[in-house]
1. I'm trying to understand the selection: among the residues of segment 28-47, which are touching a helix residue (DSSP H, G or I) at 6+ places or on another chain (Cβ under 8 Å) and part of a helix (DSSP H, G or I)?
2. Across segment 48-60, what is the number of residues that are closer than 20 Å to Leu192 by Cβ and assigned to a loop (DSSP other than H, G, I, E, B)?
3. Is it the case that segment 267-284 has a residue that's under 30 Å from Phe39 (Cβ atoms) and at pLDDT below 90?
4. For segment 180-208, name all the residues that are among the hydrophobic types (A, V, I, L, M, F, W, C) and within 16 Å of Leu104 (Cα to Cα).
5. With the condition kept exactly as written, say whether any residue in segment 243-254 is in contact with a strand residue (DSSP E or B) (Cβ under 8 Å, 6 or more places away or on another chain) and either more than 30 Å from Ile124 (Cβ to Cβ) or in the same structural domain as Met50 (by TED's automatic domain parsing) (or both).
6. Give the number of residues within segment 386-411 that are at pLDDT 90 or above and assigned to a loop (DSSP other than H, G, I, E, B).
7. Name the single residue that is modelled with the highest pLDDT among those in segment 181-235 being acidic (Asp, Glu) and touching a strand residue (DSSP E or B) at 6+ places or on another chain (Cβ under 9 Å).
8. Do you know which residues across segment 164-192 are crowded, with 23+ Cβ neighbours inside 10 Å, touching a helix residue (DSSP H, G or I) at 6+ places or on another chain (Cβ under 9 Å) and touching a residue at least 40 places away in the same chain (Cβ under 8 Å)?
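The values are calculated or read from the model by the stated rules, or taken from the named source; none is laboratory data. Quantities reported herein were computed from a predicted structural model and do not represent experimental measurements. Cβ coordinates were reconstructed from backbone atoms using ideal geometry, including for glycine residues, and neighbour counts include every protein chain displayed.
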Amino acid sequence: MRIVLLALIAVIGLPFAFAAGTEGGRKTLLVYDTIAKPFSLMNEIDPILMGLTRFDAEPEKIEAAKLQASDIERADFIVLVGVGGSPTLSPDCIRMLQRAKKPLLCVGHAVNGPGSGTLKNQPIQKAVVDYRETTWPVRLDPFFRLSAGESQILSQVVGGGAPLPLAWRSGNRFAFASLPGEPVLAMIFSDLLLDFYGVKNIPSTGLVFMLDDYHPASDPSMLRRLSDYMAYKHIPFIVLTQSRDVPADATDLMPRETYLDSLRYAQARGARIFLDASADPVLDRESFSADGVIPMGAESRPTISIESGDNFTLYVGSRYFQDTPGSDPVPYRSHAPLLLANGGVLLPANILGGMDGIALDEVRKNIGQIARLRGGVAGIVMPAWLPFQHVRDLVDACLQSALPVIDPLGFGPNPDSQ
């Protein structure tokens, strides 16, 4: 089961999209309806909040029932979200939001704007969404079938009849007739935020490679061969590693010096070494460094962070913990855009299939779709237990996109909004 799951997760990461920091301390306010079961802040609101951190490092969130006029006055950008129903706002707040000239984005049950009633959910299990001249298969649940009137349509559901608007804008008023929980919807939503925040200076698209789960039970020759190949191709890549926690059924552990030597070999050929969540962020960093392996960062729950001498941080993954009464927390990968401080955001792996044959065609197809997004970067996650030939084939398939490979430690400064 472990092999199957990793193969699915490893195919291709959905896009990083470069961060677009707001200038002049602009602040974002996310207003949401009262959350009740089966919904939760962690599963519905926090992923949206992380998407906003592309543009505002510290967006504020507040329950609609607690919203005050002063909160609206302080904000420069407002996102109104209805998860289980339309947010219940005071009459004064409704009037302020309806009259406000600042950008307003209405999402989910709030798509009709402040003060509107709860809408009927009309989900589409097998929808095709058109966005930026690319079509995306997706499940729309929730979905609210509305007329966009004279507004500019940004994205719509196509096929099977008349097009249905998914996202639209009228001036600085934006609407999104679903919740960005599905990977494709999160990608589209993240891209729409570029317009919401008025971003102009957007970096080009690119690729980032990461070898995942390398440890003393792995094959050191595989890492050496991959390092030679990536150096030959002039491709920097991440190696996520640790020496404390290895599979319980592992019977063939390499000597520690062999393990460290393989990491030094990779590091000398352009690999960026990271410690995973099982490592002690202080003791293991010191231990590795003493042996000539310089960790560029460490995975921590809930994020993997990269640190450099310039205090640069890159988050390349996230795990949430879904908890229900009487049960143990169940980890799962979030589909939400994740913050790349000073650089962008990442969506975790697109679950499509294995690494051989036609699956590589799926990889190429998805990279092509990601390239349609402004500033999108495909994060390619490669499990360390795969044979070198399979990883090489995956790398070659990705490079056929002709997108530039981006050094994860070399992201440029944030593009500014207007």
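1. Hit for segment 28-47 is Pro47, nothing else.
2. Of the residues in segment 48-60, 6 are closer than 20 Å to Leu192 by Cβ and assigned to a loop (DSSP other than H, G, I, E, B).
3. Initial filter on segment 267-284 (under 30 Å from Phe39 (Cβ atoms)): 277.
Still in the list and also at pLDDT below 90: 277.
The answer is yes, given that some residue of segment 267-284 is under 30 Å from Phe39 (Cβ atoms) and at pLDDT below 90.
4. Across segment 180-208, the qualifying residues are Phe189, Leu192, Leu193, Leu194, Phe196, Val199.
5. Filtering segment 243-254 for residues in contact with a strand residue (DSSP E or B) (Cβ under 8 Å, 6 or more places away or on another chain) gives none.
For segment 243-254, residues in contact with a strand residue (DSSP E or B) (Cβ under 8 Å, 6 or more places away or on another chain) and either more than 30 Å from Ile124 (Cβ to Cβ) or in the same structural domain as Met50 (by TED's automatic domain parsing) (or both): absent.
6. 0
7. Asp195
8. Hits for segment 164-192 are Phe174, Phe176, Ser178, Leu179, Pro180, Ala186, Met187, Phe189, Ser190.
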